[in-house]
Amino acid sequence: MERWLKSSEERFSGDVPAAVKHLKEMSLRREFLWLKQRLQMENSPVVFCHNDMQEGNILMIEDDTVTSNADAKLVLIDFEYCSYNYRAFDIANHFLEWTYDYTEKQQPYFKVTPENYPSNLQRLKYICHYLKETGSAENPLDVLREVEIFSLASHFFWALWSIVNTKSSQITFGYWEYAVERLNAYNELKTRLHKQGIKRKADGPY
C-alpha cells in the first residue's frame, strides 16, 4: 500500500479532473499514517487473505446433484491480490463488495447500491460460520466491530489502487470516479465511527 500511496500522491500533485479537485485538500499520507496506527490497535489476526472477494471472483459450481443453494459449492478465483493480511480486512472488503456492481456498460462502468450492504444479522451469521470453521472461541460481536473499523482500510486501499490505475491501466473503467467514491465513503465512515464512539479492543477511544 505504501508504494501505491507514493504513486497516488504524485498523481494528486498534477492535473486531475474537476470532480477530484476537492479531494486534493485531503492528505493521503496523513490519513495513511492515522489509519495504520488505528488498525494496529485492533490486533486482528494475520491470515492468508484473498483481498478481492467481489462478485466476479466467487463462482458457483454447476452440479446437477445440487438441490438447493445451501448445497452449492463455491470457488474463489483471481488470486492476483492474495497475501497475508489482517483477517478483518478480507471480511470487511467482502461485505463492502456487496454494494458494488462492476457489470455496468456505461461510464463510469460501476454502480454503487449502499442498500445492498449486508445487515447486522447477515454479517453476524457470516462471522459466526467463519469462527466456527476456524475453531475460534472469539465473541462474534467483537469481530463484527473489528470488521467495521477495517472497512476504512478497504475504502482507502481501493481508492489508492484506483488513483494509480488512472495512469497505468489499459482497461476501460472510471478510475477517477471510483477513487472519488471510495475516498468519500472512507470519510463518511470515519465521521460516523467517530460519532458512534466505537472503541478498540483495549477499550480506548476511537
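Coordinate-derived values only; no laboratory data. These numbers were taken from a predicted model, which means no experiment stands behind them. Quick reminder, even Gly has a Cβ in these numbers, built from the backbone with ideal geometry, and neighbours come from all protein chains shown.
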### Query
Please report, for the Cα atoms of the range 1-116, the Rg to one decimal and the Dmax as a whole number; what are they, in angstrom?
18.3, 57
### Message
From the phi angles alone, apply the Karplus equation (6.51, -1.76, 1.60; θ = phi - 60°) to the range 3-14 and give each ³J(HN,Hα) in whole Hz, x where the residue is Gly or Pro.
### Response
5, 5, 4, 4, 5, 5, 4, 5, 5, 5, 6, x
### Summary
Listed with the fewest Cβ neighbours within 10 Å leading, PHE32, PHE156 appear as PHE32, PHE156
### Summary
Most packed first (mean Cβ within 10 Å per residue), the peptides 90-100, 185-195 order as 90-100, 185-195
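Please report Rg over Rh for the range 84-206, where both radii come from the alpha carbon positions and Rh follows the Kirkwood definition.
Result for the range 84-206 is an Rg/Rh of 1.01.
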### Query
Relative contact order for the chain: what is it in percent, counting Cα pairs under 8 Å that are at least 6 residues apart?
22 percent
## Note on the structure
Computed over the chain, the distribution of all Cα-Cα distances in 10 Å bins, rounded to whole %, is 7, 32, 36, 19, 5, 1
